[in-house]
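Peer 1: My questions will all concern the structure given below.
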Amino acid sequence: MSQNSNSGSGNSKIHAMYIVLIALLIGGLVYTNIVLKKSKETIVVTTKQRDDIELLKEELDNKYAESLQEIESYRAENAGLDSLLSVKEKELTDKKVKIDELLRQISSLKAGDAAKAMLLSNAQTMIRQMEEDKMRLQTSIDSLIVVNKKLYEEKDSVTGQLTSTLQKKQQVDRENQKMKERIDKASILSTANIQCSPIRITRKGNEDEVKKAKDAEKLRVCFDVLQNKIAPAGQTEIAVRIISPDGSTIQLQNLGSSTFKEATTGNETPYTYMISPDYQNDAKTVCSYWAQTFKFSAGKYSVEIYQKGFLIGQSSFTMK
């Protein structure tokens, strides 16, 4: 009886040990399963985050390339926007560099790091901003194109009006010039009774006309200026040209000889001396003298009178 009782007690202990071992085994399996499950979840999360970063990197590169392509197309079509587009291109490049650096930082963080999710969200926000920047740029450029087109149309209109105005002004200028030329010609003085006399001065200071060149001390040139009511009154410049027997114009620079532009030909013409009689629109006689520092030559002389480049009188005389 006692022996059977001991045997039953021993079996109970063995059964209890088996139960404990089985319980421990089951607990270990459950723990191991939980750890493996968490490891798998961590791997899935890490893989998902890595995939998200790669997708963001790909999206960033695509949006950057698209934006650059649009900027280049705007630049090709609108040369005047080059400076604006260059600024926007730099801003775009700077933003891409920042996002690339942010993605690099995210990749270097360990799984489960609290900062990783926040940085990833920041990167996504910045990429969305790139798209928004592109849309704003497109809207701004479209507006500028419309404004530029309007300005060009207004410029063409103003240019056309200006061209028309200039043409009218040129026509008026031509008519005014023709009128001025007619007035200038009408205001040119006329001369008559041109008399050229070789003279010498007597001891009493009187003027004696002479015939021989060796006796001549001066030439006296007198002529009548006829009435011209439209000629401007006042000092009037008149050039006197004395041509010697050899055909050359007598000139002495220290006595005022020079040249003038002939009105009909535009050629530079030499003259002997210049006078400035006071003309008051009425007929008057004008006399002037030429006293040269060398002897006069014998032969035929010619005298020409010019005003404003126009020949207004001529005569001739001879000295023996």
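The values are calculated or read from the model by the stated rules, or taken from the named source; none is laboratory data. Quick caveat: nothing in here was measured; it's all calculated off a predicted structure. Neighbour counts run over all protein chains shown; Cβ positions are idealised from the backbone, glycine included.
Peer 1: Could you list, in sequence order, the residues of the stretch 185-213 that are charged (D, E, K, R), touching a residue at least 24 places away in the same chain (Cβ under 8 Å) and assigned to a loop (DSSP other than H, G, I, E, B)?
Peer 2: K211, K212 - these are the residues of the stretch 185-213 that are charged (D, E, K, R), touching a residue at least 24 places away in the same chain (Cβ under 8 Å) and assigned to a loop (DSSP other than H, G, I, E, B).
Peer 1: Which one of the conditions (1) modelled with pLDDT under 85; (2) in contact with a helix residue (DSSP H, G or I) (Cβ under 7 Å, 6 or more places away or on another chain); (3) of a type outside the set (D, E) does R200 fail to meet, given that it meets all the rest?
Peer 2: Evaluating R200 over (1) modelled with pLDDT under 85; (2) in contact with a helix residue (DSSP H, G or I) (Cβ under 7 Å, 6 or more places away or on another chain); (3) of a type outside the set (D, E) leaves (1) as the failure.
Peer 1: Could you say whether any residue in the stretch 203-216 is of a type in the set (G, A, S) and within 19 Å of S302 (Cβ to Cβ)?
Peer 2: The answer is yes, given that some residue of the stretch 203-216 is of a type in the set (G, A, S) and within 19 Å of S302 (Cβ to Cβ).
Peer 1: Restricting to the stretch 276-297, count the residues that are closer than 9 Å to G234 by Cα and part of a strand (DSSP E or B).
Peer 2: 2
Peer 1: Between K116, K134, K90, which is within 28 Å of E70 (Cβ to Cβ), touching a residue at least 12 places away in the same chain (Cβ under 8 Å) and in the same structural domain as E72 (by TED's automatic domain parsing)?
Peer 2: Unique residue meeting the criteria: K134.
Peer 1: If I filter the stretch 157-173 for residues that are among the charged types (D, E, K, R), outside the structural domain of L55 (by TED's automatic domain parsing), assigned to a helix (DSSP H, G or I) and closer than 30 Å to K229 by Cα, do I get at least one hit?
Peer 2: yes
Peer 1: Ok, one more. Of everything in the stretch 263-275 that's outside any loop (DSSP other than H, G, I, E, B) and not hydrophobic (A, V, I, L, M, F, W, C), which residue is surrounded by the fewest Cβ atoms within 10 Å (Cβ to Cβ)?
Peer 2: E268
Peer 1: Residues in the stretch 276-308 that are aliphatic (A, V, I, L, M) and either surrounded by fewer than 18 Cβ atoms within 10 Å (Cβ to Cβ) or under 19 Å from K211 (Cα atoms) (or both): how many?
Peer 2: 4
Peer 1: Please identify the pairs in which a residue from the stretch 156-176 that is aromatic (F, W, Y) has its Cβ atom under 9 Å from the Cβ atom of a residue that is modelled with pLDDT of 85 or more, counting only partners at least 6 apart or on another chain.
Peer 2: Listed pairs, sorted by first residue: none to list.
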